[in-house]
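Participant: Before I ask anything, here is the structure I am working with.
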Amino acid sequence: MKIAVTSASGQLGASIVGHLINKVGKDNVVGIARTPEKASNLGVEIRKGDYNSRPDFDAALKNIDVVLLVSGMDAPEKRIQQHRNVIEAAKQNGVQKIVYTSIIGDEKQTAFSPVVKSNRQTEQDIIESGLEWAIGRNGIYIEPDLEYIDHYAKDGEIKNCAGNGKCGYTSRGELGYAYAQMLSENDHNGHIYNLMGEAITQLKLAELINEVYGLDLQYNSLSVEDYAEERKAELGEFMGTIIAGIYEGIRNGSNDIESNYELAAGRPHKDHLEVIEAFKRDNQTS
């Protein structure tokens, strides 16, 4: 069985490739990347695939049995057709199964909702494709908070608009493990899984980071409007709006839902403290 992973040069795609190698062997894994050179270190065959190019995927998916479609990072209005390029190429090439990395979130009430809504459309396109399928709805990555640790330490606080809302955090490593099972095992066909760990508040996140890093971070809640303005000033209109929308969804309870991680992975999600400790070890400089 030949399994292809799109966006293999990205952090999630690379994690999935690594876990697949451990499970099915490198000869059965193909990475697909818009810029193949950026994925050359993965130790598997790499093929070119730009989501905007249907011909790319007509070639990239030849002799592939299962494909992992990593949700694109483009604007919501562009993603649906980009994903359809992969789905249609999979059908043309006789691919048997598609696994899709979707996302948890509110479809209607936040600035992040257009992204969620576009993902739901791709979910529907896959379900209606006539192929076998499995879908994961990813929780929020914990890594960006940990990559921002120097800024938090300088400010002495974590500041956003999530309030007392709970967020089911996960990590790219945990997701990579779960998707390797979903890709290689047929028991997951026809299922949609919420892939995340325990739902926690921002105050709890601060406490966990303090425990691992020896800090004394506080959590301060902003209004949605104030946080959106702050993020847009730092990250630009599009990304700032998206980030604020994610935290607004947390505030509204959209990320405090039941996790199906153990059903997908065959084991419980790692404790957030363990994930944070592993991140610190892996990113320590000598």
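Participant: State yes or no: is Ile192 open to solvent by 20 Å² or more (accessible area, probe 1.4 Å) and either among the aliphatic types (A, V, I, L, M) or on the phi > 0 side of the Ramachandran plot (or both)? Write out each step before concluding.
Facilitator: On the way: open to solvent by 20 Å² or more (accessible area, probe 1.4 Å): yes; either among the aliphatic types (A, V, I, L, M) or on the phi > 0 side of the Ramachandran plot (or both): yes.
Criteria met by Ile192.
Participant: While we're here: Kindly list the number of the only condition in (1) under 20 Å from Arg172 (Cβ atoms); (2) in contact with a helix residue (DSSP H, G or I) (Cβ under 7 Å, 6 or more places away or on another chain); (3) open to solvent by 70 Å² or more (accessible area, probe 1.4 Å) that fails for Glu147.
Facilitator: (2)
Participant: Also, I was wondering about something else. Among the residues of segment 92-130, which ones are more than 19 Å from Gly245 (Cα to Cα), assigned to a strand (DSSP E or B) and hydroxyl-bearing (Ser, Thr, Tyr)?
Facilitator: Matches in segment 92-130: Tyr100, Thr101.
Participant: Does Ile103 qualify as being open to solvent by 10 Å² or more (accessible area, probe 1.4 Å), among the hydrophobic types (A, V, I, L, M, F, W, C) and modelled with pLDDT of 95 or more?
Facilitator: In short, yes.
Participant: Now for a separate question. If you check Ile242, Ile246, Ile209, which single one turns out to be within 19 Å of Lys159 (Cα to Cα), part of a helix (DSSP H, G or I) and out of contact with any helix residue (DSSP H, G or I) (no Cβ under 8 Å at 6 or more places or on another chain)?
Facilitator: Ile246
Participant: Moving to a separate point now. Can you say whether Asp125 is open to solvent by 10 Å² or more (accessible area, probe 1.4 Å), farther than 18 Å from Glu277 by Cα and free of Cβ contacts under 8 Å to residues at least 12 places away in the same chain, as far as the supplied structure shows?
Facilitator: The answer is no for Asp125.
Participant: Please enumerate the residues belonging to segment 186-201 that are assigned to a helix (DSSP H, G or I) and either of a type in the set (A, V, I, L, M, F, W, C) or touching a helix residue (DSSP H, G or I) at 6+ places or on another chain (Cβ under 8 Å) (or both).
Facilitator: Kept after step one, since they are assigned to a helix (DSSP H, G or I), are these residues of segment 186-201: 186-188.
Answer for segment 186-201, where residues must be assigned to a helix (DSSP H, G or I) and either of a type in the set (A, V, I, L, M, F, W, C) or touching a helix residue (DSSP H, G or I) at 6+ places or on another chain (Cβ under 8 Å) (or both): just His188.
Participant: Restricting attention to segment 58-91, which residues are in a loop (DSSP other than H, G, I, E, B) and open to solvent by 10 Å² or more (accessible area, probe 1.4 Å)?
Facilitator: Lys62, Asn63, Asp65, Ser71, Met73, Asp74, Ala75, listed by residue number.
Participant: Please identify the pairs in which a residue from segment 233-255 that is farther than 14 Å from Gln109 by Cβ has its Cβ atom under 7 Å from the Cβ atom of a residue that is among the acidic types (Asp, Glu), counting only partners at least 6 apart or on another chain.
Facilitator: Partner pairs satisfying both residue conditions: Gly240/Glu234.
The values are calculated or read from the model by the stated rules, or taken from the named source; none is laboratory data. These numbers come from a predicted model, not from an experiment. Every residue, glycine as well, gets a Cβ built from its backbone with ideal geometry; the counts of neighbours run over all protein chains shown. SASA here: full protein model, heavy atoms, side chains in, ligands and nucleic acids out. Shrake-Rupley method; radii C 1.70, N 1.55, O 1.52, S 1.80 Å.
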